[in-house]
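Read through the structure below, which is laid out as structure tokens, and then see the notes.
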Amino acid sequence: MITTLIGKTFLKAFNDKYSKDYSAKEFFEKEYYELFFNHPKYMQWVTNSPFVQMKSGQKPEKLTVAERLEKLQNLYAKASGEMADASFAIGYPASETKEYASTSGLVSDVLIETTEDDVYYSWMGSGLGIGVAGGFTLLINDANILLETYEGWSCYRKYLNDDALEKLRGNQINSWNGQWLTYKLGKDFRDDFDFVELSKPSIDIFKVENNLVEVNTVNWSNLFFSLSNFYPEKTLNAYVYSFGQTNKTIGFIPIYLKSGRRIVDVFKKLFHSEKAFETKEFQSLFGMHIKRACELGNIGLNALRPDSLKKYMYEEKNISFKKEEDTINYQSYKTWLVAMLSKNKEEITDYTLEIAKLIQRYRLGAKGTERKTLIEKKLFGETSKKVFINALAEMVEGSSVEDAQKLKDLKDEIHLMTNEEFGYFNTLMKFDYAFTEKQS
């Protein structure tokens, strides 16, 4: 199973890096168990596993050292003497002989021989799952990423054991992994971080309330941009799944990290700065829901479409720039649209802003509302290339010689665009025209 494969990749990388020779069981006992379960607060809650099966009167936070060791021995007994199932081999099929209210995920109908070591590998793999907003977890079979994830385990344990953080929830290892990787591989990381630093709105790893402190779940786009910072040119394969009341398996999804650098490069060319991409808030504007992104078959430029952009592309709404955040949204929308229009080109230009200024000159060149109506109803009010081109033809008659030539050149370009490209172009034109109007 995929959790076992991840565990094997990780343990080999761990042994190589730290000059160890741990077997799967040795690592589980000396590292995993000690970090995850040998404390009043667990780092992981595995339904139906020996660590959560309590005798009468037992509670995880009140277990003695001897009681915790007894649960560890119970796991050992199952791993060595029973056929692997989801209650003690994570990601394996639910038992058909026991009446657990559970579904299976991450499994295959191909019969694969399971060893005792495979059980312990599966725990390692599950503990390295990267949780993202939307209720899904990613497993990435890359040694460097797995080691970076492991480095964060001790940090999460330190906070769980901190007496000053008694309200901090346990059992959030996958959410922690997502936040840790995003922070560690991003541009905000600093070696001397502390809990206060990680709770700042700009970092936003922890949510602090009166009665509860917990790890926020990171947006997948934040994780994506941090990974693209770590691997600017790489394509990763992620296994995407969800464990809950119903287990869900999406499968293997390629992640094209080069798209992250493309977005940053376009933004830099358009707005002459890269600074916005150092903020988690701005990065989170990109990316549709993780489930929708996976339905595209890969996570790349298309999946990075700002989720709120669709209402302007498909519902014929216009941006108004009435609020300060509208300008920030405009920058994310424009960046993505230009990236899509120029994805096969080296040159990145702000061509639509020039045309938007031309359209504004046309509107201001006559009294009355006739030209305003033409722009709003025909040029931007329709999604048809034919209607758009006919509107351009009408505008030629009332424009200067220079502007008329630009409109004719634009008509030729529109004619050669695919319907998809025209949809991006027309939406971008609406934004740039509204932005030009706001500035004037």
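The values are calculated or read from the model by the stated rules, or taken from the named source; none is laboratory data. Quick caveat, the model's predicted, so the values are computed rather than measured. Note: ideal-geometry Cβ built from the backbone for every residue, glycine included; neighbour counts use all protein chains shown. Note: areas computed on protein heavy atoms with side chains; ligands, DNA, RNA excluded. Shrake-Rupley method; radii C 1.70, N 1.55, O 1.52, S 1.80 Å.
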Using only the Cα atoms of region 189-288, build the gyration tensor, take square roots of its eigenvalues as a ≥ b ≥ c, and label the shape rounded, prolate or oblate: rounded if a/c is under 1.5, else prolate if a/b is larger than b/c, else oblate.
oblate
Where does each of Ser56, Ser399, Ser126 land when they are ordered by accessible area, with a 1.4 Å probe and the largest first?
Ser56, Ser399, Ser126
Could you tell me how many degrees, from 0 to 90 and to the nearest 10, lie between the Cα long axis of helix 401-416 and the main elongation axis, the longest principal axis, of the Cα atoms of the chain?
40
Mean-square fluctuation check for the chain, GNM, Cα pairs under 10 Å: which of Asn174, Asn390, Asn144 is largest?
Asn390
Out of region 169-232, which GluC sites (Glu not before Pro) are coil in DSSP terms and have no more than 14 other C-beta atoms within 10 Å?
Glu209
Report the accessible area of Thr64, computed with a 1.4 Å probe over the heavy atoms of all protein chains in place, in Å² rounded to the nearest 10.
70
Glu324 - accessible surface, heavy atoms, 1.4 Å probe, Å² rounded to 10
150
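Counting other Cβ atoms within 10 Å, keep those with at most 15, restrict to DSSP loop, and tell me which GluC sites (Glu not before Pro) in region 1-93 are left.
Sparse-neighbourhood loop GluC sites (Glu not before Pro): Glu82.
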Which of the three applies to region 377-440, rounded, prolate or oblate, going by the alpha-carbon gyration tensor with a ≥ b ≥ c and a/c under 1.5 meaning rounded?
oblate
Just to be sure I understand the model, the point goes 7 Å from the Cα along the line to the Cβ. What's the resulting Glu26 to Lys62 distance in nm?
3.9
Before I look further, what does region 2-227 give for accessible area per residue, probe 1.4 Å, in whole square angstrom?
45
For Lys378, go through the lysines and keep the ones whose alpha-carbon is under 18 Å away, minus same-chain ones fewer than eight residues off.
Lys317, Lys357, Lys386, Lys408, Lys411, Lys430
Restricting region 362-432 to GluC sites (Glu not before Pro) in coil, as DSSP defines it, with at most 16 other Cβ within 10 Å:
Glu382
Please list, short to long, the whole-number percent of alpha-carbon pairs of region 305-425 in consecutive 5 angstrom bins beginning at zero.
2, 10, 18, 23, 22, 16, 8, 2, 0
Considering only protein heavy atoms, what per residue accessible area in square angstrom results for region 336-439 with a 1.4 angstrom probe?
55
When all protein chains stay in place, what accessible area (Å², nearest 10, 1.4 Å probe) is found for Thr383?
90
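Taking every pair of alpha-carbon atoms in region 2-227, give the share separated by more than 32 Å as a whole percent. Don't skip to the answer; put the middle values down first.
Values: 4613 of 25425 pairs.
That tail contains 18 percent of the Cα-Cα pairs.
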Give the Debye-formula value of log10 I(q)/I(0) at each listed q (0.11, 0.12, 0.13, 0.14 Å⁻¹), with one equal scatterer per alpha carbon of the chain, two decimals each.
-0.88, -0.99, -1.10, -1.23
Carbon and sulfur: what percent of the chain's accessible surface (1.4 Å probe)?
48
